[in-house]
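The next block holds one structure in the form of structure tokens; read it before the comments.
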Amino acid sequence: MKRLTRVLALLLTLTMVAAACGSDDDGGGDAAPATTAAPAATEAPAASLSELNVAYFLEWPTANQVAQIEQTYDAALGMTVNWHSFGSGGDMALAMEAGDIDIAYSQGLTPFANFVTSGSELEIVGVAVSYADADNCVAHPDYGVTAANAAETLAGQKVYAPVGNVTHYKLLKMLGHLGVPLDSFEHVPSDGGAAAVAAFESGDVAMACAFGGGVLSMLAAGGNLVMTGGEQEDIGIRVFDIISIPTQFGVDHPDVVETFLQVTEEANAAYAGDRGSMEASIAEAAGMTVEGSNALLDMFSFPDRATQLSDAWLGGTVQDVMKQQMDFFVEQGEIPEALDSYDAFVNTSFLEAISDVEVVVVPSAYDHGVTDTTIRVGAIADLSGRFASLTTQIVDAQSVYWDMVNANGGIDGKQVEFVVLDNAYDVATHLERYEAMRDTGADGVVILSNSTGSPHTAAISEMLVEDDLAAVPLSWYSGWPDAEYGANVFENGTNYCYEGMNGVEYIAANMIDGEPKLAVISFPGEYGQDGAVGAKMAAEALGIEVVYDGEAAIIPGADQTPVITGLVESGANMVWLTSSPGLTAEIMGGAAAQGFQAVWSGNSPSYNPVLLATPLAPYLEANYLVSTYNLTWGSSASPGMVEMEQEMLAARPDGVISDSYVIGWLEAMAAHQILEQAAKNKDMTRAGVVAAANEVSIDYGGLTPNQSWSGTAGENVVKSSVLFTLDTSIYTPEATITEGGSLGSVLLEESYMGSVAAAHEYDGACFSAS
């Protein structure tokens, strides 16, 4: 029976993908040593050894890799430490059996348990990393799979997952908990993380299971977790990697094992105290970009010696988890038998022999807008001007967001104080408000999470640089990506210019019968004329005649009759406008009253769903294409949307549903992640926050394309728009968040980029007032 078990364990090993840890793709086996010899120490702990061979995984960043790359292990042991990369935990076990590996770092628990069940003489000497959120199954958005309906939605569908490793174990345990019959779906064996992502993106599978980068890629593509790692831990599913050795190696070289664990303990403590300074080294050792490495590190924890020795880990739980996993595989027919106990395969004597290491947290530097207890985040917003109906809700969403951050411990142990001042959509007032925000005393802020208005933000752009102050604009002006113009302005989503290009091209290609004839009308300035220029650039590239050029013709407070007359007499069958909702209604209503028929669209601030509660609603439904930069309220089940809706429901149950909440949420997400990066860097000065913005990549949880500002503007500028049609039959005016409802928009294109925008090489603003 032992021989049969052994054969089955080996077969399981060969089918393991990442075997509970390491790269999702097959590794290169026993690779060349990752370090070279260090100078010999005066006294080596183990004279009988001339070198130590350690197994590890590439693309699996861990806290001890600073000690790996800096050869701290070599110096402490007085010998060369050769780090060999492997593709699976099973391969690590085989190499230890063959005498080729002395210590396996971050081996998966499941393959280890499989091997000792089949007779391998190995033992666990430590816990390397816990990573519940880094190993999971992601449901494809088209299938609507949730924890509540998994039994129904997975029936008859395909689930793509590896066989015989912890990912497989987690999948089966999770589905059992959710009441999903294990014979009700088709299990497609996984060929690795990249293959899992490809299967997911093809839409052929309802759910795909992977870990690390594969999970992140599927979530970024709009997938959702059926259960979070924390929820899985609550039902007894633990996911962690171990430090293991051949049993005889520990007998022969206990001092080597102890020294290795001591260096690891010191590396983990140093990481806990100052992660930011180590991220580049860890990424280098892991063979990853800093961004990719950090995304995984965010989901990892590295338990210290005392924690590892506790009952929650090596004091009993690890042994119990092995027993549970092997018993489960017996029940599933994967192996014929499990051992009665796994206590003999955990040896805590080495950890008990080393010393605890105190974590010394390196404090963050700070200057203006930050104290020991508080981070002041500012907003200069239009609370009483022409966009106030939108902006007040944007600011309200930010208030809820920062309350959520504070309830979860704040940033760097500090609470966020959200400071809001009204600019009344007036440039002079905006400048006055900025003087308060830039203050270097008690009233200043460390970042602006909202600067409302294009000309308004342009007016302070040079001062932002002088003050080392970062700003997230409530403006999608095409000048912001230009470092010479908007160096300290950190935009999200596409800009007015590309939005105009996309809108004109989509309408002409999909909504016009016969020859398209374009009318363009706009406000003057960076907002209005940026959108107008983009629309006209698309018309020129596509050979569309502009029959009415009303760029800068919409003057707030003036009589709009000349604009309306120009439109009606032009013969246009498509209109692009860059306006405000109130003037959009005035101009559209005036043109409609004279029988003017055309397909209309415009830059996002031109439209507000409340217009569907006016007599203009039928005309809008028949003629207006909504263009924007992000998903609107309730239009997806992306992680960002779900989080925002849940938080807004809890904080503002009686608030009226609004697309503006999404915009405020996005602004706050950007500022938050910038500040978190600054905290990791231990530099929360204003200059440090600007530096953090230029290195971070913002994850918007699927609400809008993720954003980075490092590299060149052309590399980072977003060119895609989100398009909606209108349906008045589903519109629920004044519906509260508690009641639920619709704002009347129906998603048409989640990410539309026309050929003109795609071909355009960004080299600066499409329009400049100067």
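Checking the structure you have, find out if any residue of the range 83-104 is assigned to a strand (DSSP E or B), open to solvent by 10 Å² or more (accessible area, probe 1.4 Å) and in contact with a Pro (Cβ under 9 Å, 6 or more places away or on another chain). The answer is yes; a qualifying residue exists.
Only one entry in N294, N268 is open to solvent by less than 30 Å² (accessible area, probe 1.4 Å), at pLDDT below 90 and assigned by TED's automatic domain parsing to the domain that holds A113, namely N294. Each residue in the range 272-285 was checked for being over 25 Å from D412 (Cβ atoms) and either of a type in the set (F, W, Y) or crowded, with 21+ Cβ neighbours inside 10 Å (or both), and 1 of them qualify. Residues that are among the polar types (S, T, N, Q), surrounded by fewer than 19 Cβ atoms within 10 Å (Cβ to Cβ) and at pLDDT 95 or above within the range 324-358 comprise S341, T348, S349, S355, listed in sequence order.
Okay, residues lined up against (1) modelled with pLDDT of 95 or more; (2) aromatic (F, W, Y); (3) surrounded by 24 or more Cβ atoms within 10 Å (Cβ to Cβ):
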residue	(1), (2), (3)
S638	no, no, no
G664	yes, no, yes
Q673	yes, no, no
K680	no, no, no
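Counting only helices (runs of 4 or more DSSP H) that sit wholly inside the range 216-319, those with at least 3 residues that are over 17 Å from V127 (Cα atoms) are 229-234, 247-252, 254-273, 279-286, 290-297. Do we have V472 as over 28 Å from A585 (Cα atoms), not hydroxyl-bearing (S, T, Y) and not in a loop (DSSP other than H, G, I, E, B) here? Taking the combined requirement at face value, the residue satisfies it.
The rows are residues; the columns are (1) aromatic (F, W, Y); (2) part of a helix (DSSP H, G or I); (3) touching a residue at least 24 places away in the same chain (Cβ under 8 Å); (4) in contact with a Pro (Cβ under 7 Å, 6 or more places away or on another chain).
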{"position": "D549", "(1), (2), (3), (4)": "no, no, yes, no"}
{"position": "P556", "(1), (2), (3), (4)": "no, no, yes, no"}
{"position": "D559", "(1), (2), (3), (4)": "no, no, no, no"}
{"position": "V568", "(1), (2), (3), (4)": "no, yes, yes, no"}
{"position": "W576", "(1), (2), (3), (4)": "yes, no, yes, no"}
{"position": "A585", "(1), (2), (3), (4)": "no, yes, yes, no"}
{"position": "A592", "(1), (2), (3), (4)": "no, yes, yes, no"}
{"position": "V610", "(1), (2), (3), (4)": "no, yes, yes, no"}
{"position": "S635", "(1), (2), (3), (4)": "no, no, yes, no"}
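Selection within the range 566-589: residues that are at pLDDT below 95 and in contact with a helix residue (DSSP H, G or I) (Cβ under 7 Å, 6 or more places away or on another chain). The member of this set that is surrounded by the most Cβ atoms within 10 Å (Cβ to Cβ) is S580. So, in the range 297-323, of the ones that are in contact with a Ser or Thr (Cβ under 8 Å, 6 or more places away or on another chain) and among the hydrophobic types (A, V, I, L, M, F, W, C), which residue ends up most open to solvent (accessible area, probe 1.4 Å)? Top of the filtered list is L309. For the range 405-433, residues that are assigned to a helix (DSSP H, G or I) and either free of Cβ contacts under 8 Å to residues at least 60 places away in the same chain or touching a Pro at 6+ places or on another chain (Cβ under 8 Å) (or both) total 9.
Listed here are the residues, each with its yes/no results for (1) in contact with a Gly (Cβ under 6 Å, 6 or more places away or on another chain); (2) open to solvent by less than 30 Å² (accessible area, probe 1.4 Å); (3) part of a loop (DSSP other than H, G, I, E, B).
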residue: P705; (1), (2), (3): no, no, yes
residue: S710; (1), (2), (3): no, no, yes
residue: E734; (1), (2), (3): no, no, yes
residue: L743; (1), (2), (3): no, yes, yes
residue: E750; (1), (2), (3): no, no, no
residue: A757; (1), (2), (3): no, yes, no
residue: E761; (1), (2), (3): no, no, yes
residue: S768; (1), (2), (3): no, no, yes
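Considering only residues in the range 434-448 that are of a type in the set (A, V, I, L, M, F, W, C) and assigned to a helix (DSSP H, G or I), the one that is most open to solvent (accessible area, probe 1.4 Å) turns out to be A436.
The values are calculated or read from the model by the stated rules, or taken from the named source; none is laboratory data. Because the structure is a prediction, the values reported are computed rather than measured. Don't worry about glycine lacking a Cβ; one is built from the backbone with ideal geometry, like all the others, and counts go over all protein chains shown. Note: areas computed on protein heavy atoms with side chains; ligands, DNA, RNA excluded. Shrake-Rupley method; radii C 1.70, N 1.55, O 1.52, S 1.80 Å.
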